[in-house]
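Peer 1: Dumping the structure here so I can ask a few things about it.
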Amino acid sequence: MGTGSSKNPDCSSSHGSDDREDQGGGQLYVSLKMEENSYLLKSELIPHVYGSVPLVGSWDPSKALAMERESSSMWELSFVVPPNHETLDFKFLLKPKYSNSPCVVEEGPNRLLTGGTLQGDARSAVFRLSGGEVLLEYRVFIKADRVSPFDLAASWRAYQENLQPSTVRGIPDVSMNSVPESGTEEMEVIVPDPTIVYSSSGIVESKSVGTLSSLQKQDGQRGLFVDRGVGSPRLVKSPSLTTFTVDQNVHSEAKDPIPAAAGAVAAAAVADQMLGPKEDRHLAIVLVGLPARGKTFTAAKLTRYLRWLGHDTKHFNVGKYRRLKLGTNQSADFFRGDNPEGIEARNEVAALAMEDMIAWMQEGGQVGIFDATNSSRKRRNMLMRMAEGKCKIFFLETICNDRQIIERNIRLKIQQSPDYAEEPDFEAGYRDFRSRLDNYEKVYETVEEGSYIKMIDMVSGHGGQIQVNNISGYLPGRIVFFLVNTHLTPRPILLTRHGESRDNVRGRIGGDSVLSDTGEVYAKKLANFVEKRLKNERAASIWTSTLQRTILTANPIVGFPKIQWRALDEINAGVCDGMTYEEIKKNMPDEYESRKKDKLRYRYPRGESYLDVIQRLEPVIIELERQRAPVVVISHQAVLRALYAYFADRPLKEIPHIEVPLHTIIEIQMGVSGVQEKRYKLM
Ligand SMILES: Nc1ncnc2c1ncn2[C@@H]1O[C@H](COP(=O)(O)OP(=O)(O)O)[C@@H](O)[C@H]1O
Ligand SMILES: O=P(O)(O)OC[C@H]1O[C@@](CO)(OP(=O)(O)O)[C@@H](O)[C@@H]1O
């Protein structure tokens, strides 16, 4: 749906010959802030930015970028304008947080940033609400700076928060599990009358890229955290909201925080860290392999798994550094083993990424995954020297001997790699990549040194093998176990809550009630759906919890084995089991408030926290990874939030707030391109 805003003619023709002009000259880093003067009404409205470039929605309000709260009155958004969009034409927009009311576009003309300079004069943003009767005014701060790709690469660390994607938008990220964009729905928009003119003065501050984002500030405050889970030390909350201390004198180095790992797993991880030498607190997993052997895929998958378990993990992709420093158009010759300039440039970007990774660990990061071919012994020696005394290091080599799989991977690469994004001719891209591969094969040396894990032909889930050499410690052990169980056989996993229960109708949490009439209708619809969807899938299975409402929901499904898992039972609400949220608020206000403040870590008295639920779900995740046939998981709200977060790579802190509505199926498709998601609302 259009906005009525005038589009900048320069921008709309930006696909012309000047597209590549600015590759070396830098990109525009933009930081926008909006300050509210009355918090009350505006807290229901989320400021967004939309405008002429795809990054900010190409004037589609449903794709506008949301600003994030930096403080009680300040909203913030930072992004990098792609080099081929030097002119940015944009506006602020308010979207209601909860209701379906229309969003409101700011009054006045479009804001125009050309090459880092703001045209015109607009120090405030004015919005007209309730048919024009209410005027809302925000102070606006706009900073713009031109930064070189190299600066961007070097400052990555500063912009990234490891449990959550960067708040700086527009830096391309390697990701196989991105949540599908939901912003395509039609949206009602109120556009101001263009004839009304507002006068205000504009400010553009030129600033280096070191601006602190709200997340970085949180990061700085993050203290030592160990959950009071099974077997782990009990925690005392310190006066600061986000800092915890341990009351058993276990670990007091706030500079090296143990990430939000929980429960028994955390306890083991903590013990592992405490017992070993200092460098063992940090782990570098260095990928090795020829191109198109699944290194980036495996790195992303491991990152997702370790983060979900609560380990502070970050994926460093050297290709991304290379593209930022040297551009995307390196031909196969650049990768020749007898091209000294190419070798030097590649070593330089690898060293830069490794330095970043080590610096990130020294600030508290736990597991760094270093993703490059690292195909010569010389390169690996360089990395080992850099890691000496700073982190424990092991190599993870992916080997594939199946010609057909390699061929398929190469074709996927040409379609997906940013290196070939600007190559319109598939066959030319294919020839170039093949010759790049030949260059690598000539100098490739398989790993025989140090500690390593080799994944050999592990794509289909049978017939392959994992070789392990000199691997010790808790986390490396878990990683081996995880890798042994994963494969790429395409199959769907269907996640659904049980049909509405009688307790759901009464608003009571927990319990073990039967289904309501509506819930029974859902059970029949679900059976119909499953029978059609899995018609030819004889090996599929239905997993439920041990609670009646999931077993009854599975009842009408016939023709598939049903497995009850205790681990799939709903979060244990302890002494609150059977109460309504209102009753908890009235009778146990402290419990209610504590949960509201930190729903992820809050543990019901004699019950569980979300972190506890995640820990007990780990075997379920391993089993879901291991399965080669489809699985239907019928479970509960909290449990499905945790399972879904694993597949969708959502940060831990979001888990308790993920929407998992009743009577809806979330289909997760696992396969060679990672994880995709579809939803079916049956009622
Ligand atoms: N262990 C593996 N062996 C072979 N191919 C794999 C493996 N894991 C994933 N793949 C496939 O390889 C494709 C290309 O993987 P990618 O991670 O981009 O390769 P690389 O980083 O090695 O160049 C992925 O899309 C995936 O289908
Ligand atoms: O963490 P919150 O948001 O309370 O959600 C979990 C709650 O969801 C409920 C419903 O309110 O799940 P369920 O539908 O399985 O009964 C409660 O039993 C459970 O305590």
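Peer 1: With respect to the numbered conditions (1) open to solvent by less than 40 Å² (accessible area, probe 1.4 Å); (2) part of a helix (DSSP H, G or I), which one is the sole condition not fulfilled by ASN374?
Peer 2: (2)
Peer 1: Still on this structure, please answer the following. With the structure loaded, tell me whether ILE393 is of a type in the set (A, V, I, L, M, F, W, C), within 12 Å of ligand 1 (Cβ to nearest atom) and either under 22 Å from ALA292 (Cα atoms) or buried (at least 16 other Cβ atoms within 10 Å of the Cβ) (or both) or whether it fails that test. Full working, then the answer.
Peer 2: On the way: of a type in the set (A, V, I, L, M, F, W, C): yes; within 12 Å of ligand 1 (Cβ to nearest atom): no; either under 22 Å from ALA292 (Cα atoms) or buried (at least 16 other Cβ atoms within 10 Å of the Cβ) (or both): yes.
No, not satisfied.
Peer 1: Hey, another quick one. Going residue by residue through segment 475-486, is there one that turns out to be basic (Lys, Arg) and more than 12 Å from ligand 2 (Cβ to nearest atom)? Steps first, please.
Peer 2: Within segment 475-486, the subset basic (Lys, Arg) is 478.
Restricting the remaining residues to those that are more than 12 Å from ligand 2 (Cβ to nearest atom) gives 478.
So far as segment 475-486 goes, yes, one or more of its residues are basic (Lys, Arg) and more than 12 Å from ligand 2 (Cβ to nearest atom).
Peer 1: Only one residue in PRO561, PRO490 is closer than 30 Å to MET458 by Cβ, within 16 Å of ligand 1 (Cβ to nearest atom) and open to solvent by 10 Å² or more (accessible area, probe 1.4 Å). Which one? Walk me through how you get there before you give the answer.
Peer 2: On the way: PRO561 fails: within 16 Å of ligand 1 (Cβ to nearest atom).
Only one candidate passes the filter, namely PRO490.
Peer 1: Also, quick follow-up: Give the residues of segment 411-429 that are surrounded by fewer than 17 Cβ atoms within 10 Å (Cβ to Cβ) and in contact with a helix residue (DSSP H, G or I) (Cβ under 7 Å, 6 or more places away or on another chain), sorted by residue number. Give the derivation first.
Peer 2: Step one: filter segment 411-429 for residues surrounded by fewer than 17 Cβ atoms within 10 Å (Cβ to Cβ), giving 411-412, 415-416, 418, 421-422, 424-428.
If the condition is that a residue be surrounded by fewer than 17 Cβ atoms within 10 Å (Cβ to Cβ) and in contact with a helix residue (DSSP H, G or I) (Cβ under 7 Å, 6 or more places away or on another chain), then PRO418, PHE426 are the ones that fit.
Peer 1: Quick one: is ALA353 in contact (Cβ under 8 Å) with a residue 12 or more places away in the chain, open to solvent by less than 20 Å² (accessible area, probe 1.4 Å) and not in a helix (DSSP H, G or I)? Give the steps one after another, and end with the answer.
Peer 2: On the way: in contact (Cβ under 8 Å) with a residue 12 or more places away in the chain: yes; open to solvent by less than 20 Å² (accessible area, probe 1.4 Å): yes; not in a helix (DSSP H, G or I): no.
No: the conditions fail for ALA353.
Peer 1: Looking at (1) touching a Leu at 6+ places or on another chain (Cβ under 9 Å); (2) assigned to a helix (DSSP H, G or I); (3) open to solvent by 10 Å² or more (accessible area, probe 1.4 Å); (4) not polar (S, T, N, Q), which one does GLU531 not meet, given that it meets all the others?
Peer 2: GLU531 satisfies every listed condition except (1).
Peer 1: Which condition number in (1) under 30 Å from PHE529 (Cα atoms); (2) open to solvent by 30 Å² or more (accessible area, probe 1.4 Å) is the one that ILE571 fails?
Peer 2: (2)
Peer 1: Of the conditions (1) open to solvent by less than 30 Å² (accessible area, probe 1.4 Å); (2) modelled with pLDDT under 95; (3) of a type in the set (A, V, I, L, M), ILE471 clears all except one; give me its number.
Peer 2: Of everything listed in (1) open to solvent by less than 30 Å² (accessible area, probe 1.4 Å); (2) modelled with pLDDT under 95; (3) of a type in the set (A, V, I, L, M), ILE471 misses just condition (1).
Peer 1: While we're looking at this one, here's another question. In segment 573-582, is there at least one residue being among the hydroxyl-bearing types (Ser, Thr, Tyr), over 24 Å from the mean Cα position of the chain (by Cα) and at pLDDT 95 or above?
Peer 2: Yes: segment 573-582 contains one or more residues that are among the hydroxyl-bearing types (Ser, Thr, Tyr), over 24 Å from the mean Cα position of the chain (by Cα) and at pLDDT 95 or above.
Peer 1: Follow-up question, since we're still on this one. With (1) open to solvent by less than 70 Å² (accessible area, probe 1.4 Å); (2) among the hydrophobic types (A, V, I, L, M, F, W, C); (3) closer than 27 Å to ASN504 by Cα as the list, and ALA540 as the residue in question, which single condition is left unmet?
Peer 2: (3)
Peer 1: Under the condition of being within 16 Å of ligand 1 (Cβ to nearest atom) and in a helix (DSSP H, G or I), which residue from segment 619-649 is farthest from the chain's Cα centre (by Cα)?
Peer 2: Kept after step one, since they are within 16 Å of ligand 1 (Cβ to nearest atom), are these residues of segment 619-649: 625-626, 628, 649.
Checking the rest, the ones that are also in a helix (DSSP H, G or I) come to 625-626.
Values: GLU625: 19, ARG626: 23 Å.
Per the stated criteria, the residue is ARG626.
Peer 1: Still on this structure, I have one more. Name, by its number, the condition in (1) in contact with an Asp or Glu (Cβ under 8 Å, 6 or more places away or on another chain); (2) modelled with pLDDT under 95 that does not hold for MET683.
Peer 2: That leaves (1) as the condition not met.
Peer 1: Out of all the residues in segment 607-636, which are touching a strand residue (DSSP E or B) at 6+ places or on another chain (Cβ under 7 Å) and of a type in the set (A, V, I, L, M)?
Peer 2: Across segment 607-636, the qualifying residues are LEU624, ALA629, VAL631, VAL632, VAL633, ILE634.
Peer 1: Here is a follow-up. Looking only at residues in segment 539-569 that are free of Cβ contacts under 8 Å to residues at least 40 places away in the same chain and away from ligand 2 (no atom under 16 Å from the Cβ), which one is nearest to ILE622 (Cα to Cα)?
Peer 2: Going through the qualifying residues, I end up with ILE563.
Peer 1: Considering segment 650-679 alone, what residues qualify as being under 13 Å from ILE493 (Cα atoms), away from ligand 1 (no atom under 16 Å from the Cβ) and not basic (Lys, Arg)?
Peer 2: Listed by number, the residues that qualify are ILE665, ILE666, GLU667, ILE668, GLU677.
The values are calculated or read from the model by the stated rules, or taken from the named source; none is laboratory data. Just so we're clear, the structure is a prediction, and the values are computed from it rather than from any experiment. Cβ: placed from backbone, ideal geometry, glycine included. Neighbour counts: every protein chain shown. In case anyone asks, the SASA skips ligands and DNA or RNA and just uses the protein heavy atoms, side chains included. Shrake-Rupley method; radii C 1.70, N 1.55, O 1.52, S 1.80 Å.
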